[in-house]
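Single-structure report; data block below.
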């Protein structure tokens, strides 16, 4: 019997060698060594690193009595679902005020809801035709589509300043 010696290159490549010897299987493809694999693992130290804060997103509800309510959106929350839920309406009407600010109101002409004077003033201030808005309206950012999006803290503060000016004029 022969002793196992170095393997010739043609055998290592999976080709048959001299007669009487079995062909060797293809060498297995190897991945990174165990020490290298561990380097990318999540450690307690990496979990403890502070994560950047989520961007502030909220909708601003303008109620008929003049009350304002900030509605924070949780990160996974859909602004479209929040608008439909808060207005209790399946087809809310989008009224673009600026390129980045929309007012959403009930789409049907329900006059059984109280008149919203602040919403009418806000619409006039942004060039919308004079119209009576009934019930709560929501102020939102604009997302592609156009869909509602949450307002940033800067947008909320700017809208609050505008509403304050409108309320002073009434």
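Confirm whether residue 75 is modelled with pLDDT under 85 and over 26 Å from residue 152 (Cβ atoms). No, not satisfied.
Looking across the stretch 142-155, the residues that are surrounded by fewer than 19 Cβ atoms within 10 Å (Cβ to Cβ), under 15 Å from residue 99 (Cα atoms) and touching a residue at least 60 places away in the same chain (Cβ under 8 Å) come down to 143, 147, 152.
The values are calculated or read from the model by the stated rules, or taken from the named source; none is laboratory data. Computed from a predicted model, the values in this text were never measured in an experiment. FYI the Cβ positions are ideal-geometry reconstructions off the backbone, even for glycines, and counts take in every protein chain you see.
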